[in-house]
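The values are calculated or read from the model by the stated rules, or taken from the named source; none is laboratory data. The shown structure was predicted, so the numbers you read here are calculated from the model rather than taken from an experiment. Don't worry about glycine lacking a Cβ; one is built from the backbone with ideal geometry, like all the others, and counts go over all protein chains shown.
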Amino acid sequence: MFLDSYGYDSHWHDLFQALDSPGDPGRVTVVDRGACGVATSHGIVRARSGRHDVCTGDWVVVDSDTIAGVLPRRSAIVRASAGTTSTSQTLASNVDTVAITVAADTELDLGRVERYVALAWDSGATPVLVVTKSDRGLDNDGRLDAVRSAAPGVAALAVSSQTGSGVDSFTDRLAGTVALIGPSGSGKSTLANVLIGEQALDTGTVRQADSKGRHVTVRRELIPLATPGMTVIDTPGLRSVGLVSSEEGLHQTFSDIEALAQHCRFDDCAHGSEPGCAVQENIDPRRIANYHRLQRENYWATTRHDARANSRRLAEAKQLSKLQRRMYKNR
Ligand SMILES: Nc1nc2c(ncn2[C@@H]2O[C@H](COP(=O)(O)OP(=O)(O)OP(=O)(O)O)[C@@H](O)[C@H]2O)c(=O)[nH]1
Ligand SMILES: [Zn+2]
């Protein structure tokens with residue numbers, strides 16, 4: 001079945017049935033302004049988004065070329081929209097693995113890695129760190145150690161899309177829908193092509209001359225892989241990765257700091273200049289400072305965003321429990 005290759009399974013089938021809405025189930029593969037591409041059992045169709053705010057990866061109901069409903073998301077990568085912290089943008093949904101790309105041949109920005117990792121944990125998917133372009137790295141092991149120290153508990157590995165080195169260990173880590181996120185030029189599209197096994201996406205090589213490898217991928221496309229049910233979503237390189245409602249993501253990303261904080265002499269230790277601070281004794285000052293910065297940023301973004309986010313979350317939770325009640329009734 002065509003839809004199986006996009007990850008259609010009993011979970012989505014049950015939710016679709018419970019929605020009891022006319023139309024076909026499908027998965028959004030790409031979003032343009034006001035319209036999107038949807039994989040259905042009739043192939044890829046174009047549909048108007050209508051009143052629905054859909055993103056790549058959503059499972060939807062398509063009725064006469066219009067999105068008639070969106071099935072509750074299992075996970076979603078959400079960032080604060082660029083330039084404003086009061087609205088958010090969903091980059092991709094129903095993702096199982098978030099692969100964060102860090103190029104081996106550019107200056108390492110661990111603060112940015114921590115941001116991406118928090119965003120990934122928050123999505124509900126499992127993050128994996130990928131040091132890309134390992135054929136160009138001078139010290140891949142050193143870089144792997146550094147990114148691991150910025151993300152305790154997150155697997156990190158080095159790959160080269162050019163030589164194929166590390167690709168098998170990388171694919172072993174992947175499940176279901178894989179989203180590639182990372183800065184512009186860090187090798188996301190090239191790696192997606194390796195997973196897909198063909199030159200399906202534009203990469204920097206093609207248009208390097210005119211765009212200097214920056215912001216080459218303009219659309220977030222979901223593409224099935226050879227393994228049934230596995231798909232990959234390539235995302236455009238982001239200029240800013242603002243966090244919003246990221247308490248849980250920050251908690252996971254900085255779990256080492258939060259664990260050590262229990263051993264500080266003072267209960268309200270700010271891990272600044274206090275004596276007997278277990279955090280200062282064990283953690284890089286850069287990481288402590290970024291922890292505080294991201295906490296503050298998230299606090300302000302979340303406060304402004306909360307009213308909107310809460311009402312949406314509540315509506316989604318209500319919809320899900322309504323569908324689940326119907327699912328059980330129909331059994
Ligand atoms: N040597 C080497 N170059 C690579 C590798 N992977 C990607 N590149 C090159 O790095 C440049 C950027 O790669 P892309 O895959 O377009 O990067 P991207 O992250 O998708 O960039 P955006 O679409 O702008 O976000 C291109 O010139 C690629 O050919 C690799 O494994 N080794
Ligand atoms: Zn302390």
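Among the conditions (1) under 20 Å from His52 (Cβ atoms); (2) buried (at least 21 other Cβ atoms within 10 Å of the Cβ); (3) modelled with pLDDT under 95, Ala80 misses just one, which is (1). Taken over region 231-280, the residue count meeting the criterion of being more than 16 Å from ligand 1 (Cβ to nearest atom), surrounded by fewer than 16 Cβ atoms within 10 Å (Cβ to Cβ) and not charged (D, E, K, R) is 11. Scanning region 102-132 for residues that are crowded, with 24+ Cβ neighbours inside 10 Å and within 12 Å of ligand 1 (Cβ to nearest atom) gives Val102, Val130, Val131, Thr132.
Every condition in (1) closer than 15 Å to Ile100 by Cβ; (2) in contact with a Gly (Cβ under 7 Å, 6 or more places away or on another chain) holds for Ser160 except the one numbered (1). Checked against the criterion of being acidic (Asp, Glu) and assigned by TED's automatic domain parsing to the domain that holds Gly176, region 75-98 has at least one qualifying residue.
Where helices (runs of 4 or more DSSP H) fall wholly inside region 202-299, the ranges with 3 or more residues that are modelled with pLDDT under 95 and either within 30 Å of Ser5 (Cβ to Cβ) or of a type in the set (Asp, Glu) (or both) are 204-211.
Within region 26-44, the set of residues being of a type in the set (A, V, I, L, M) and either within 14 Å of Asp234 (Cβ to Cβ) or assigned to a loop (DSSP other than H, G, I, E, B) (or both) comprises Val30, Val31. In region 189-205, the residues that are farther than 16 Å from Thr163 by Cβ form Cβ pairs under 6 Å with partners that are at pLDDT below 60 and surrounded by fewer than 22 Cβ atoms within 10 Å (Cβ to Cβ), at six or more places apart or across chains, as follows: Ser189/Leu201; Ser189/Thr203; Ser189/Thr217; Ala192/Leu201; Gly204/Gly213. Listed by first and then second residue, the pairs with beta-carbon distance under 8 Å, at least 6 apart or on different chains, first residue in region 3-27 and over 19 Å from Pro228 (Cβ atoms) and free of Cβ contacts under 8 Å to residues at least 60 places away in the same chain, second surrounded by 14 or more Cβ atoms within 10 Å (Cβ to Cβ) and among the charged types (D, E, K, R), are Ser21/Asp63; Pro22/Asp63; Gly23/Asp63; Asp24/Asp63.
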